[in-house]
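Visitor: Would you mind keeping the following structure in view while I ask a few things?
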Amino acid sequence: MTQTLTLICPDDWHLHLRDHDMLRAVLPYTAAHFARAIIMPNLVPPVVRSADAAAYRDRILAALPEGSQFTPLMTLYLTEDTDPDDVAAAHASGLIKAVKLYPAGATTNSASGVSNFDKVAPVLERMAEIGLPLCTHGEVTNPEVDIFDREAVFIERVLDPIRTRHAGLKVVMEHITTADAADYVRSAGSGLGATITTHHLVINRNHILAGGIKPHYYCLPVAKREEHRLVLRAAATSGDARFFLGTDSAPHTDANKLLPCGCAGCFTAPNTLSILAEVFEQEHALDKLEAFTSRNGPAFYGLPANDTTITLIRTPVHYPDHIETPEGPVTVFDPLMPLNWTVEAT
Ligand code: NCD
Ligand code: ZN
């Protein structure tokens with residue numbers, strides 16, 4: 001039986017770090033295991049202009065533990081007023097690695113997102129020219145569309161038309177939750193990739209709704225039926241270069257989760273890699289873990305893989321059930337199974 005696993009140091013291609021006290025509390029968990037992460041721009045107010053991204057990057061760097069080599073890969077939040085020249089300048093300087101599309105109202109802090117896609121056509125055109133990827137929160141927000149169908153409808157009504165209109169635009173379908181999305185990614189030519197979260201490989205919608213409501217398993221896009229989870233596991237463990245890790249670790253205080261109208265998001269940063277190793281081992285695909293966590297993402301973004309490694313050791317994992325933050329406790333995602341792959345401290 002394999003006892004140690006050494007991987008090229010992983011990257012997280014979709015991460016929420018928040019700001020200020022919460023940033024300082026959660027960043028060390030990601031920085032301990034990951035070399036780089038694509039940082040989501042859904043702060044309040046959002047990270048809209050290049051100057052906002054530069055200032056946010058500096059706050060992240062200032063919050064890093066002493067000696068950490070972690071690199072935040074910044075993004076801009078696409079609005080109907082986004083200036084193509086500002087985006088192009090931020091890309092040319094190396095400040096940003098992607099632009100994030102939130103359909104208005106789709107998720108936490110997405111009120112400034114896009115409603116009229118004609119208005120963002122000039123920005124998307126420029127991004128296609130300069131090779132800057134668009135990361136999409138792939139859900140429509142129309143009240144008449146059932147929440148479990150919103151990803152599939154997004155593909156048909158929004159994503160496919162955008163990709164047809166802006167040929168050559170690189171797109172990441174983020175945190176995919178359905179067989180429809182996995183199939184769409186597989187059927188598309190080059191230039192379309194997808195991130196898959198850790199939690200969507202573990203939970204289905206029963207975990208949220210059966211036997212009492214479980215707010216800590218509520219995230220967006222919401223987990224779907226078991227058959228979709230199985231397709232996601234197959235995609236993640238296949239080695240297919242179009243699928244890569246984006247944890248979508250999204251910390252909210254317990255006070256904000258456990259409300260009559262609680263926040264969406266699972267906080268997985270502390271135990272993500274241990275859970276993934278467990279999932280890949282269950283699928284007899286430990287040899288594909290490095291592709292998912294460390295090779296496919298950089299290849300899609302046109303970046304080199306990291307030149308450092310991490311090692312996981314087969315020994316029971318100890319992780320806290322919650323972390324303390326100045327804003328209150330934040331519950332760590334519970335995968336409901338023992339974890340046996342501990343990341344070796346460096
Ligand atoms: C994210 C958050 O809390 O910022 N929540 C979530 O459920 N994933 C936003 C997002 O990525 O949808
Ligand atoms: Zn997210």
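The values are calculated or read from the model by the stated rules, or taken from the named source; none is laboratory data. Please read all numbers here as calculations on a predicted model, not as lab measurements. Cβ sites come from the backbone with ideal geometry, for glycine too, and all protein chains shown count toward neighbours. What goes into the accessible areas is simple: the full protein's heavy atoms, side chains included, and nothing from ligands, DNA or RNA. Shrake-Rupley method; radii C 1.70, N 1.55, O 1.52, S 1.80 Å.
Visitor: Which one is nearest to ligand 1 (Cβ to nearest atom) among residues in the range 181-213 that are open to solvent by 70 Å² or more (accessible area, probe 1.4 Å) and either in a loop (DSSP other than H, G, I, E, B) or farther than 30 Å from Leu258 by Cα (or both)?
Guide: Let us first name the residues in the range 181-213 that are open to solvent by 70 Å² or more (accessible area, probe 1.4 Å), namely 183, 186-187, 190, 206, 209, 211, 213.
Keeping just the survivors that are either in a loop (DSSP other than H, G, I, E, B) or farther than 30 Å from Leu258 by Cα (or both) gives 183, 186-187, 190, 211, 213.
On the way: Asp183: 22, Arg186: 23, Ser187: 25, Ser190: 25, Gly211: 21, Ile213: 16 Å.
Here the residue is Ile213.
Visitor: Scan (1) touching a residue at least 40 places away in the same chain (Cβ under 8 Å); (2) more than 19 Å from the chain's Cα centre (by Cα); (3) surrounded by 15 or more Cβ atoms within 10 Å (Cβ to Cβ) for the single condition Ile130 breaks and write down its number.
Guide: (3)
Visitor: Taking only pairs six or more apart or across chains, which ones have beta-carbon atoms under 8 Å, a first residue in the range 206-231 that is free of Cβ contacts under 8 Å to residues at least 60 places away in the same chain, and a second residue that is within 16 Å of ligand 2 (Cβ to nearest atom) and of a type in the set (Phe, Trp, Tyr)?
Guide: Ile208/Tyr217; Ile208/Tyr218; Ala223/Tyr217
Visitor: Something else about it: Quick one: count up the residues across the range 217-244 that are away from ligand 1 (no atom under 16 Å from the Cβ), aromatic (Phe, Trp, Tyr) and open to solvent by 50 Å² or more (accessible area, probe 1.4 Å).
Guide: 0
Visitor: Could you check the range 282-319 and list, in sequence order, the residues that are more than 20 Å from the chain's Cα centre (by Cα), open to solvent by 50 Å² or more (accessible area, probe 1.4 Å) and not β-branched (Val, Ile, Thr)?
Guide: Keep residues of the range 282-319 that are more than 20 Å from the chain's Cα centre (by Cα), which gives 282-287, 307-319.
Within this subset, residues satisfying the condition of being open to solvent by 50 Å² or more (accessible area, probe 1.4 Å) are 282-284, 287, 307-309, 313-316, 318-319.
Listed by number, the residues that qualify are Gln282, Glu283, His284, Asp287, Asp307, Arg314, Pro316, His318, Tyr319.
Visitor: I need the helices (runs of 4 or more DSSP H) fully contained in the range 7-102, keeping only those with at least 2 residues that are within 13 Å of ligand 1 (Cβ to nearest atom). Even if it seems obvious, please write down each step before you answer.
Guide: On the way: elements: 20-33, 50-63, 84-92.
The qualifying helices (runs of 4 or more DSSP H) are 20-33.
Visitor: Checking Leu76 against (1) open to solvent by less than 10 Å² (accessible area, probe 1.4 Å); (2) away from ligand 2 (no atom under 16 Å from the Cβ); (3) not small (Gly, Ala, Ser), which test does it fail?
Guide: Against the list (1) open to solvent by less than 10 Å² (accessible area, probe 1.4 Å); (2) away from ligand 2 (no atom under 16 Å from the Cβ); (3) not small (Gly, Ala, Ser), Leu76 comes up short only on (2).
Visitor: Looking only at residues in the range 106-116 that are surrounded by 15 or more Cβ atoms within 10 Å (Cβ to Cβ) and at pLDDT below 90, which one is farthest from ligand 1 (Cβ to nearest atom)?
Guide: Restricting attention to the range 106-116, the residues satisfying the condition of being surrounded by 15 or more Cβ atoms within 10 Å (Cβ to Cβ) are 106-110, 112-114.
Imposing the further condition that a residue be at pLDDT below 90 reduces the set to 106-110, 112-113.
Details: Ala106: 7, Thr107: 3, Thr108: 4, Asn109: 6, Ser110: 8, Ser112: 13, Gly113: 11 Å.
Here the answer is Ser112.
Visitor: With assigned to a strand (DSSP E or B) and either surrounded by fewer than 22 Cβ atoms within 10 Å (Cβ to Cβ) or in contact with a strand residue (DSSP E or B) (Cβ under 9 Å, 6 or more places away or on another chain) (or both) as the only criterion, which of Val123, Val158, Val172 stands out?
Guide: Numbers: Val123 fails: assigned to a strand (DSSP E or B); Val158 fails: assigned to a strand (DSSP E or B).
Only one candidate passes the filter, namely Val172.
Visitor: What are the residues in the range 245-268 that are away from ligand 1 (no atom under 13 Å from the Cβ) and either hydrophobic (A, V, I, L, M, F, W, C) or free of Cβ contacts under 8 Å to residues at least 24 places away in the same chain (or both), if any?
Guide: Leu245, Ala255, Leu258, Leu259, Pro260, Cys261, listed by residue number.
Visitor: Scanning for something within 16 Å of ligand 2 (Cβ to nearest atom), farther than 24 Å from Leu73 by Cα and either outside any loop (DSSP other than H, G, I, E, B) or open to solvent by 20 Å² or more (accessible area, probe 1.4 Å) (or both), does the range 135-142 turn up at least one residue? Give the steps one after another, and end with the answer.
Guide: In the first step, residues of the range 135-142 are kept if they are within 16 Å of ligand 2 (Cβ to nearest atom); the result is 135-139, 141.
Restricting the remaining residues to those that are farther than 24 Å from Leu73 by Cα gives 141.
Subset that is either outside any loop (DSSP other than H, G, I, E, B) or open to solvent by 20 Å² or more (accessible area, probe 1.4 Å) (or both): 141.
Checked the range 135-142: at least one residue is within 16 Å of ligand 2 (Cβ to nearest atom), farther than 24 Å from Leu73 by Cα and either outside any loop (DSSP other than H, G, I, E, B) or open to solvent by 20 Å² or more (accessible area, probe 1.4 Å) (or both).
Visitor: Test of understanding: among Phe280, Phe244, which residue is modelled with pLDDT of 95 or more and touching a Phe, Trp or Tyr at 6+ places or on another chain (Cβ under 7 Å)?
Guide: Working: Phe280 fails: touching a Phe, Trp or Tyr at 6+ places or on another chain (Cβ under 7 Å).
Going through Phe280, Phe244 in turn, the sole match is Phe244.
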